[in-house]
Amino acid sequence: MQDISADQILSRLPARLKAARQRQGLSLEAVARLSGVSRSMVSQIERGESSPTVATLWNLTRALQVDFAGLLDVAQAPGIEVITAAQAPRVAGHGKGCQITILSPPEQAGRLEVYDIRLDAGGLLDSAPHGAGTREQVTVLEGSVEIRAGTETRQLEHNDTAHYRADQPHRIAAVNGPARVFLIVETP
């Protein structure tokens, strides 16, 4: 599902309010009486000449017996969205001896990113500092890795998980053979 901007919502609002009022068979005066919003304000909102406050919109939706989603007819995302292995994007040219597959949906980029990283023996992924407050979580799925964040270093074995600040230089390196990790990057 694509995100709907506030401007898109506001552009839909006038027609949707008028349609909801007409479906109920209500006049502008009747909506004004039921909602406590003046007739002239209801008319201005329906013509797109005024944007309602949240309180005004709440009163209008109650009077028209529709909820916000119903009024705006915001499409619901499907219950299950699937990215097949063949569709999952791969990142090239980063690190040495590593294959990076992006598992998170594109709209999450820059907020919550999820990666499957496969490291060859001796493979490593060196990363420059990300934005302030960014954190990473690495879980080892296969093999063992060394995690370096700033000046600290830890070795992780199969099923171990590490959390660390990623707003400093950091590295994931395979130790004693190939490895595979699940990486989550959270950016505030």
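Summary table
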| read-out | value |
| --- | --- |
| Any hit, the range 145-158, residues being closer than 14 Å to R180 by Cβ and loosely packed, with under 15 Cβ neighbours inside 10 Å | yes |
| Positions within the range 92-134 being more than 19 Å from H163 (Cβ to Cβ) and among the basic types (K, R), in sequence order | K96, R118 |
| Out of E107, E136, sole residue that is in the same structural domain as Y164 (by TED's automatic domain parsing), under 30 Å from A20 (Cβ atoms) and either under 17 Å from the mean Cα position of the chain (by Cα) or at pLDDT below 80 (or both) | E107 |
| Residues located in the range 166-188, provided they are of a type in the set (D, E, K, R) and part of a loop (DSSP other than H, G, I, E, B) | D167 |
| Qualifying residue in the range 156-165 (condition: in a loop (DSSP other than H, G, I, E, B) and modelled with pLDDT under 95) | no |
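The values are calculated or read from the model by the stated rules, or taken from the named source; none is laboratory data. Here the structure is a predicted model, which means the values were calculated and not measured. Positions of Cβ are backbone-derived with ideal geometry, glycine not excepted, and every protein chain shown enters the neighbour counts.
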